[in-house]
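Here the structure is laid out as structure tokens; the discussion comes afterwards.
The values are calculated or read from the model by the stated rules, or taken from the named source; none is laboratory data. These numbers were taken from a predicted model, which means no experiment stands behind them. Note: ideal-geometry Cβ built from the backbone for every residue, glycine included; neighbour counts use all protein chains shown.
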Amino acid sequence: MKIYLAPMEGLADFYLRKLIARTGGYDLVVTEFLRVVDQLLPVHVFYRNAPELHNKGRTDDSTPVRLQLLGNQPEALALNAQRAIELGSQGVALNFGCPSKTVNKSKGGAVLLNEPETLYQVVKAVKNAVPAGHITSAKMRLGFNDNNLMVECADAIVQAGADELTIHARTKAQGYVPPAYWHLVGEFRARIPIPVIINGEIWNNGDAHRALAQSKCDHLMLGRGAIRQPWLAKQIKNNRDDIESWPIMLLLVHEFWVLVRVQMGEKYCAGRLKQWLHYLKEIYPEANLLFIDIRRLTDLEAITSRLEKELNN
């Protein structure tokens, strides 16, 4: 069983990818999407999206990193896929699942699930452009407003030559509202001859094994569950339900804060810390108390002082 860390726009950035991958159990990390319109993007844009390219497309602990592209123009996506591989990306991922209204309004992400022929043309162009031996993968949802085209979309992606297919088991309209419909993937899994990775509503070890059983898939992609529990992949692979202690989790939080303070603008780093604590508080009561204490703080030194006080308790 392989476990991938999902691409989560505005959440699983370089800093969090780095720390989560280090906890172990992740076979691949997929970046936030790089949006392609109608031209080849400059090299610096790739490095900004995926600093791991400076490390041959791997995190500091050598977990492979795959750059994700979003768009609807086959030729432009093909050119950018080639550049991604040249710069060191471990394969190329195509985004047909983003539910953002802004993205969908520009004919990107999940809205393309209304156009199986477009999916086919995009995947085919990218597959033909990517050098042999490099993976072309795609991620889709079960549909846009409904799942009437889910099988046709999956078939289009497969027939175009994709090497892997990840399915978030909800439609765009269903967003992130529970449940995820893993069983619907199971109904057509047998017709897909390539590896299929199931994604959606996997918060713990039990969810993971139910998702695998109902979807008839062999592999997993973890999203928000990995943000809430960074060691989730390791727990699933060891078939364990234990959770790391707060002191160990706090060390990771503190390291994250040090990273974002040094490398991210002052305007954004406090928000990123609060965002992560908002997820962690679902598992750790201590994270909730910390979140409450710093929620209204904007002074970075004050936030640092509160974190260090927590570390010394």
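Per-structure values
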quantity: Qualifying position, being at pLDDT 95 or above and touching a strand residue (DSSP E or B) at 6+ places or on another chain (Cβ under 8 Å), among Val37, Val29; calculated: Val29
quantity: Selection from the stretch 55-64 of residues that are surrounded by fewer than 17 Cβ atoms within 10 Å (Cβ to Cβ) and hydroxyl-bearing (Ser, Thr, Tyr); calculated: Ser62
quantity: Residue match in the stretch 291-304 (condition: of a type outside the set (Lys, Arg) and under 25 Å from Gly24 (Cβ atoms)); calculated: no
quantity: Phe46 being within 13 Å of the chain's Cα centre (by Cα) and of a type in the set (Phe, Trp, Tyr); calculated: no
quantity: The lone exception for Asp146 - which of (1) part of a loop (DSSP other than H, G, I, E, B); (2) within 19 Å of the chain's Cα centre (by Cα) it fails; calculated: (2)
quantity: Criterion (in a helix (DSSP H, G or I), buried (at least 21 other Cβ atoms within 10 Å of the Cβ) and not aromatic (Phe, Trp, Tyr)) met by exactly one of Leu113, Leu79, Leu67; calculated: Leu113
quantity: Odd one out for Gly265 among (1) farther than 19 Å from Asp155 by Cα; (2) surrounded by fewer than 20 Cβ atoms within 10 Å (Cβ to Cβ); (3) small (Gly, Ala, Ser); (4) modelled with pLDDT of 95 or more; calculated: (4)
quantity: In the stretch 36-57, the residues that are touching a residue at least 24 places away in the same chain (Cβ under 8 Å) and under 25 Å from Val123 (Cβ atoms); calculated: Val36, Val37, Asp38, Gln39, Leu40, Leu41, Val43, Phe46, Ala50, Glu52, Leu53, Gly57
quantity: Residue tally, condition in a strand (DSSP E or B), touching a Ser or Thr at 6+ places or on another chain (Cβ under 8 Å) and surrounded by fewer than 22 Cβ atoms within 10 Å (Cβ to Cβ), over the stretch 13-50; calculated: 0
quantity: Selection status of Gly133, assigned by TED's automatic domain parsing to the domain that holds Lys172 and under 19 Å from the mean Cα position of the chain (by Cα); calculated: no
